[in-house]
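A short worksheet on the structure shown next.
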Amino acid sequence: MDDIVRQAMAKWPNVPHCFGWLGLDARGQWFMRDDRAQAAGPFPQSRGSLLRHEKLVDFIQRNYERDDDGCWYFQNGPQRVYVELEAAPLVLRVDAAGVLTAHTGETLAAKAAYLDEAGRLYVETPRALGLVHTQDMHVASDLVEQGTWQPQDVLARDLPARFGYVPSPAQQKAGH
């Protein structure tokens, strides 16, 4: 977490949390969801505006964390902005050696792999569960064929409970 964020949290400790305004899609892209996007429906059906400002995206990714309830958020100064997840807390890129790089830029180790009913490949890492980026499925399939990864079958709907994350903190807050 950035020092400036820690300082803001100490200076203003009681800023209300923000829900529904930020989404992370299955390709590791961030979306700002204003009132209009939220009124149009839940994420990812209503995505909002793709964030393209590189420094803003880097700031979000440096300050992306998980709370004790499994909700992922971006610490924006003194305010927590909870993130709506399309698939998993992380989106992973994979190279031919099996090195995983999260959408946040972190290099992570693979603990186990999972294949859901739609053919999406997830990898458990020490940080969190991540979805393998669609552009890297050819590399990931080579790792499976070589026996480096041996994915277990899983239902996508079971992943949040199994790996302790909340896909929609906004819906959880609303009591759904």
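A few points about this structure:
- Residue-level check: of (1) in contact (Cβ under 8 Å) with a residue 60 or more places away in the chain; (2) surrounded by fewer than 16 Cβ atoms within 10 Å (Cβ to Cβ), Pro167 misses just (2).
- Hits in region 76-85 (condition: surrounded by fewer than 21 Cβ atoms within 10 Å (Cβ to Cβ) and within 14 Å of the chain's Cα centre (by Cα)): Val81
- Residue in region 118-145 that is surrounded by the most Cβ atoms within 10 Å (Cβ to Cβ), counting only those that are under 11 Å from Phe163 (Cα atoms) and small (Gly, Ala, Ser): Gly130
- For region 23-58, the set of residues classified as more than 15 Å from the chain's Cα centre (by Cα), of a type in the set (Lys, Arg) and surrounded by 12 or more Cβ atoms within 10 Å (Cβ to Cβ) consists of Arg33 only.
- Of residues in region 91-107 being of a type in the set (Ser, Thr, Tyr) and under 13 Å from Thr125 (Cα atoms), the one surrounded by the most Cβ atoms within 10 Å (Cβ to Cβ): Thr101
- Cβ-Cβ distances below 6 Å connect the following pairs, each with a first residue in region 38-49 that is of a type in the set (Ser, Thr, Tyr), a second residue that is modelled with pLDDT of 95 or more and part of a loop (DSSP other than H, G, I, E, B), and a separation of six or more residues or different chains: Ser46/Ala40.
- Qualifying residue in region 164-174 (condition: over 30 Å from Pro16 (Cβ atoms) and either at pLDDT below 95 or within 18 Å of the chain's Cα centre (by Cα) (or both)): no
Table: residues versus (1) small (Gly, Ala, Ser); (2) touching a Lys or Arg at 6+ places or on another chain (Cβ under 9 Å).
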| position | (1), (2) |
| --- | --- |
| Ala113 | yes, no |
| Leu129 | no, yes |
| Asp136 | no, yes |
| Asp142 | no, no |
| Gly147 | yes, no |
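The values are calculated or read from the model by the stated rules, or taken from the named source; none is laboratory data. Predicted model only: the values in this text are computed from it and were never measured. Backbone-built Cβ (ideal geometry, glycine too); neighbour counts: all protein chains shown.
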